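> One structure follows; several queries about it will come next.
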Amino acid sequence: MPPRVLPNKCNGCPDRAETRCEEACPGDLMALDPATGKAFCRATRDCWDCMSCTKVCPCGAIETRMPYQLGYHKASLRPIMAKNRIIWKCVDINGQETTYEYANRLAPKTDDLP
Amino acid sequence: MRTGVFHVFRAKSTIVSTGGAGTLYKSYTADSTDSGAQIWMCPYCVGSGYAMGFRQGAELSSLEQRWVATRTKDFCGPVDTISVGYKAPIINCKDEKVMSRYAHLGGDAAPRYIRANAPMEEWLAGRGPCYCDTRNMAPDTVKAMMTDYLNERPSFVLFLASRGQDVTKEPIEIYGSDPYIMGGHTMGGFWVEMDRMTTVPGLFAAGETAGGNPNKFVGGCAAEGKLAARGAIAYMKQAEPLPSQDSRELAEQIEAEKARVFAPLLRGADYDGVSPREMKDRLQRLMDEYAGGTSQFYRTNEERLDYALKHIAMLQSQFQYLKAADLHELMEANETMDRVDVSEAVVHHLKARKETRWAGWQTRSDYPERDDVNFDCFVETRRDPETGVVTAFTRPYEQLVPGDRQKA
């Protein structure tokens, strides 16, 4: 579960008072390191791997990893946020890739509008 | 949390709906690595709502009916998606259908604590591991199930990928979760009347925080929120005016609470004390071993519960040594104190119910049978706000919905 912030992709959300991952994390675990200007996870042990940070990052700079206590090295699950959909790309420890997709928002029905 | 500003809310009625309490017990994957929060329930619900009211004398109900669920092993993720949604039966290591052992109690439709506990009883009897048998699922059904998981709990898909697990070849292993205190599945929470008012006038509760009415789930909790809102408004309309802002007594109360909340941060950077994490970890192992956690297959007895109470009292006497380096750690310190206070109530509840009514949720090794003569009732606790002493008592069961109690 420790989210890894990729320093070459993270821009520290300069346009906001809080970084998006800081705002999204339900455990208040993400913060901005003023020394590096990048986000980091202050307590990887307390992460629930809900992946809110991973999904909300506009730069794709966060990777969720399974701790070794639970999962072997190394698989990846990457969300690509699209309009009303999420595309998930999963690569397992044997290199096998699978892509999933689902609608996470119902597209608004125009006849429901007032 | 960002600025350290202490906000004071003045209200004639308050609804507390802060969720239930996970993380009182040690989860079996919590060790020195990065899996300290691998539980089914949200680990950031630590029972603060219960603690807030309990410390002011609000009565708690049924905390001994702890929610223990069958979950995926190690990851502790949802299982109903597979077992109910995709009809993958529960099997043991011998490929036997586990629930048929409980046919006399309804088999797959047996009471929930039976279904929650069944895999653990199999494990204890030497017939583990247990699984949800996904081996007969067609590939597109598997994909649909994974997609459902990506919606509900996405990192479970990463977990399976980290094991290189093909569920059509290797079924999904299941095991019991750590115990949770909550009012949404089981009925642990504040005692509330029909308007959702607790025993503290003007304090209402809804959702996990409100006890006495189990199997609410999301829909029930939302409905309860509406009931509590109506109750809170009705109370407000007839309530006494609030004390004046200049009230000396009010100012003293605020200063006392500020001092209590901020103390760990104000002890200084060089203070030689106890970190919130150390106290949390100590509490979790204490509850696991002595108050019926997963490592004990949920079993406890009077002497272990007394040991737990003794050490909970020692932890409470050590709150004065908690230290925090920043606002996040200050939150952790307050959460840890809340956990300890709620755990004290849980142990009193487990002590008071001297029978085994819901095996797995509430198992007394020293009272293994159900005792309807003495315990067909609610077990309650109250903490004296002046002395901090917790007492346990009972409230009678009153049938509200007509019909046969034993039939759903």
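> What are the residues in the range B:361-408 that are in contact with a Pro (Cβ under 9 Å, 6 or more places away or on another chain) and assigned to a loop (DSSP other than H, G, I, E, B), if any?
Correct list: B:TRP361, B:ASP376.
> Could you look through the range B:54-74, keep only residues that are in a strand (DSSP E or B) and not hydrophobic (A, V, I, L, M, F, W, C), and pick out the one that is modelled with the highest pLDDT?
Ranking the qualifying residues of the range B:54-74, first place goes to B:SER61.
> Can you name the residue in the range B:75-89 that is of a type in the set (A, V, I, L, M) and not in a helix (DSSP H, G or I) and is also farthest from B:THR134 (Cα to Cα) among such residues?
Result: B:VAL79.
> Shifting gears a bit: Does the range A:1-35 hold any residues that are over 15 Å from B:HIS328 (Cα atoms), small (Gly, Ala, Ser) and within 14 Å of chain B (Cβ to nearest Cβ), and which are they?
A:ALA17, A:ALA24
> Sticking with this structure for a sec: Could you list, ordered by first residue, the pairs with Cβ atoms under 6 Å in which the first is in the range B:225-240 and in contact (Cβ under 8 Å) with a residue 12 or more places away in the chain and under 18 Å from B:ASN213 (Cβ atoms) and the second is of a type in the set (Gly, Ala, Ser) and surrounded by 13 or more Cβ atoms within 10 Å (Cβ to Cβ), at least 6 apart or interchain?
B:GLY225/B:ALA206; B:ALA228/B:ALA206; B:ALA232/B:SER13
> Something else: Any idea which of (1) hydrophobic (A, V, I, L, M, F, W, C); (2) in contact with a helix residue (DSSP H, G or I) (Cβ under 7 Å, 6 or more places away or on another chain); (3) within 14 Å of another protein chain (Cβ to nearest Cβ) is the one B:ALA144 doesn't satisfy?
Tallying (1) hydrophobic (A, V, I, L, M, F, W, C); (2) in contact with a helix residue (DSSP H, G or I) (Cβ under 7 Å, 6 or more places away or on another chain); (3) within 14 Å of another protein chain (Cβ to nearest Cβ), B:ALA144 fails exactly one: (2).
> Output the residues belonging to the range A:63-78 that are closer than 17 Å to B:LEU150 by Cα and either in contact with a Cys (Cβ under 7 Å, 6 or more places away or on another chain) or more than 7 Å from chain B (Cβ to nearest Cβ) (or both).
Correct list: A:GLU63, A:ARG65, A:SER76, A:LEU77, A:ARG78.
Yes/no per residue for (1) of a type outside the set (Lys, Arg); (2) over 25 Å from the mean Cα position of the chain (by Cα); (3) crowded, with 16+ Cβ neighbours inside 10 Å; (4) part of a helix (DSSP H, G or I):
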| site | (1), (2), (3), (4) |
| --- | --- |
| B:ASP108 | yes, no, yes, yes |
| B:ILE114 | yes, no, yes, yes |
| B:PRO119 | yes, no, yes, yes |
| B:TRP123 | yes, no, yes, yes |
| B:GLY126 | yes, yes, no, no |
| B:THR134 | yes, yes, yes, no |
| B:ASP140 | yes, yes, no, yes |
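> Here's something else I'd like to know. May I ask you to verify whether B:GLU355 is surrounded by 12 or more Cβ atoms within 10 Å (Cβ to Cβ) and assigned by TED's automatic domain parsing to the domain that holds B:SER48?
yes
> For A:CYS57, which of the numbered conditions (1) of a type outside the set (Ser, Thr, Tyr); (2) within 17 Å of A:LEU6 (Cβ to Cβ); (3) in contact with a helix residue (DSSP H, G or I) (Cβ under 8 Å, 6 or more places away or on another chain); (4) within 12 Å of another protein chain (Cβ to nearest Cβ) fails to hold?
(4)
> Hey, another quick one. How many residues are within 15 Å of B:GLN65 (Cβ to Cβ) and touching a residue at least 24 places away in the same chain (Cβ under 8 Å) when one looks only at the range B:365-384?
The number of residues fulfilling the criteria is 4.
> For the range A:49-76, give me each residue that is more than 20 Å from A:ARG105 (Cβ to Cβ), under 12 Å from the mean Cα position of the chain (by Cα) and hydrophobic (A, V, I, L, M, F, W, C).
Across the range A:49-76, the qualifying residues are A:CYS59, A:ALA61, A:ILE62.
> For residues in the range B:150-166 being in contact with a helix residue (DSSP H, G or I) (Cβ under 7 Å, 6 or more places away or on another chain) and buried (at least 21 other Cβ atoms within 10 Å of the Cβ), which is farthest from the other protein chains (Cβ to nearest Cβ)?
B:PHE156
The values are calculated or read from the model by the stated rules, or taken from the named source; none is laboratory data. On a predicted model such as this, the values are computed, not experimentally measured, just so you know. Heads up, the Cβs are rebuilt from the backbone with ideal geometry, glycines too, and the neighbour counts pull from every protein chain shown.
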